[in-house]
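Colleague: Could you have a look at this structure, given as structure tokens, before my questions?
The values are calculated or read from the model by the stated rules, or taken from the named source; none is laboratory data. All values derive from a computational prediction rather than experimental measurement. Every residue, glycine among them, receives a Cβ derived from its backbone with ideal geometry; neighbour counts consider all protein chains shown. Side chains included, ligands, DNA and RNA excluded: accessible areas come from the protein's heavy atoms. Shrake-Rupley method; radii C 1.70, N 1.55, O 1.52, S 1.80 Å.
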Amino acid sequence: MSADDDVRVSTIELFFDLVFVFTITQLTSLLVEEPNGVGVVRVALIFGNVWWMYGGYAWLTNAVPPREPVVRLLMLVGMAGFLIVALAIPEAFGDSGVAFGIGYLVVTFVHTGLFLRSSEENAVRAMFRLGPFNTITAALLLVAGFTSGGLQWALWSAAFVLHWASPAWTATGGFRVRAKHFVERHGLIVLIALGESVVAVGIGVQGHDLSTGLAVTAVLGLALVAALWWLYFDGEDQRAERALDAAPDARNPWLGLFAFGYAFLPVLGGIIVFAAGMKKAIVDYDEPATAATAWFLAAGVATYVLGLVALRAVLRTGPLGPRLAVAVAAVPTVVIGLHLSPELQIAVLTLVVIAGILAETRRRQPLPRS
């Protein structure tokens, strides 16, 4: 194995991720401020476009490890672009739309330019095919900043579709993903995003006296986040790494795209929705939840788990049944939140996830000898 094959996540990539996760925080806040169908669709469009380019930087540093000063400096420029994008998110469909588009263009141009520095000829050829699509999408988002109403929604939707459909024309295959770095990088963003859910609890507590009930709700929220963490980090990342390593060269990049691109949309999207529910639940823990709070909690957990199901289905790394059961069982907890309290709903969701973990643990253990 060469040094490049064993490349690990660098500190500048961690720094980059901390800037990117600010977009997660902003999207959570946007959902809290607009807890309705329009808000959900708006957040989905913004997140879908932003996640594509973040994923692009994970592929970038996998192919072009940021060791040279010029690469690091240009990554800092890309980080500045992401910061502008994140700051513009609350009004991305309004007064900050142009700023969002400009930041997105910076992120896109830096990504394309750095990718073309790769020493892998196949990676460069792939970027020559993909780069124009990314540029067109960035241009659509910039133009959207000058529009409003139905045309603006159409441009945002077109950008989303073009991003996620472009692999059908750009043929992602052709170069091999370094599994250890790739899986570690995506695992870290899951970890940071789950941490943002804990931050949402802390923000929700601000301005309220720390009563016993509030403290119990906060701890229950932490327990649920810990259970969601367990679902992914109890060997899921290691099995994913082995699956990518074992895949033939022609299939390896496609597995990376579908497992850590498409499947990660619901994984991280679920965390955003769940965090919005936690932020609202912590305030009104001792009374029946609003419809938005109850649905955000249940749908967030269910969507996250379904993303992990999709990850397993793509990589074939484990049984799907227990996790599908967890996702299905999470939805009816809405009734508990609406009629009792979000505190009890969080407790039941935690028990549902723990039950799924225990079921998987029993299935992994060898049968006793008779």
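Colleague: So, by mean Cβ neighbours within 10 angstrom, what's the order for 275-288, 320-333, 146-159, 41-54 with the highest one leading?
Modeller: With the highest mean Cβ count within 10 Å placed first, the list reads 275-288, 41-54, 320-333, 146-159.
Colleague: Could the peptides 351-357, 80-86 be put in order, highest first, of the mean number of other beta-carbon atoms found within 10 Å of their residues? Show your work: numbers first, answer last.
Modeller: Values: 351-357: 19.3, 80-86: 21.4.
Per-residue mean Cβ counts within 10 Å order the peptides as 80-86, 351-357.
Colleague: When the Cα centres of the stretch 204-277 and the stretch 71-104 are compared, how far apart do they sit, in Å?
Modeller: Measuring centre to centre over Cα atoms gives 25 Å.
Colleague: May I pose another question? What would the Debye formula give as log10 I(q)/I(0) at q = 0.14, 0.18, 0.21 Å⁻¹ for the alpha-carbon point model of the stretch 1-79, no solvent?
Modeller: -0.57, -0.78, -0.94
Colleague: Pairs of Cα atoms under 8 Å, at least six residues apart: use those to get the relative contact order of the stretch 50-131, whole percent. List each step's numbers first, then the result.
Modeller: Details: 69 pairs, mean separation 26.8, N = 82.
For the stretch 50-131, the relative contact order is 33 percent.
Colleague: Any number yet on Rg/Rh for the stretch 1-148, C-alpha, Kirkwood?
Modeller: Using Cα coordinates only, the ratio equals 1.00.
Colleague: In square angstrom, what is the accessible area per residue of the chain with a 1.4 angstrom probe?
Modeller: 41 Å²
Colleague: Quick one: grab the alpha carbon gyration tensor of the stretch 128-269, order the square roots of its eigenvalues as a ≥ b ≥ c, and give me rounded if a/c is under 1.5, else prolate or oblate depending on whether a/b is larger than b/c.
Modeller: Oblate.
Colleague: Specify whether the C-alpha gyration tensor of the stretch 251-370 places it in the rounded, prolate or oblate class, a ≥ b ≥ c being the square roots of the eigenvalues: rounded for a/c under 1.5, otherwise prolate if a/b is larger than b/c and oblate if not.
Modeller: oblate
Colleague: To continue, here is another question. Is it possible to state the helix-based mean residue ellipticity at 222 nm for the chain, with each DSSP H run of 4+ residues giving -39500 (n - 2.57), the sum divided by total residues, to the nearest 500 deg cm²/dmol? What is it?
Modeller: So the helix-based figure for the chain works out to -26000 deg cm²/dmol.
Colleague: Would you work out what percent of the accessible area of the stretch 45-201, with all protein chains in place, is carbon or sulfur (probe 1.4 Å)?
Modeller: Result for the stretch 45-201: 72 percent of the exposed heavy-atom area is carbon or sulfur.
Colleague: Which whole-number percent gives the relative contact order of the chain, counting Cα pairs below 8 Å spaced six or more residues apart?
Modeller: Worked out over the chain, it gives 16 percent.
Colleague: Continuing with the same structure: Kyte-Doolittle cut-off -0.5, length cut-off 20 Å along the helix's own axis using Cα: show which whole DSSP H helices in the chain pass. Could you put the intermediate results ahead of the total?
Modeller: Details: long enough: 11-33 (34 Å, 1.49); 37-63 (39 Å, 0.88); 69-88 (29 Å, 2.27); 97-115 (27 Å, 1.66); 121-144 (35 Å, 0.90); 149-165 (24 Å, 0.86); 179-205 (40 Å, 1.26); 212-233 (31 Å, 1.90); 264-281 (25 Å, 1.52); 291-315 (35 Å, 1.76); 342-364 (33 Å, 0.84).
TM-like helix candidates: 11-33, 37-63, 69-88, 97-115, 121-144, 149-165, 179-205, 212-233, 264-281, 291-315, 342-364.
Colleague: Among residues other than Gly202 whose Cβ falls under 12 Å from its Cβ, what is the net charge (Lys/Arg +1, Asp/Glu -1)?
Modeller: Spelling it out: positives minus negatives among the neighbours equals 0.
Colleague: At a threshold of 8 angstrom on Cα-Cα distance, excluding pairs fewer than six apart, so keeping six or more, what relative contact order does the stretch 52-200 reach in percent?
Modeller: 26 percent
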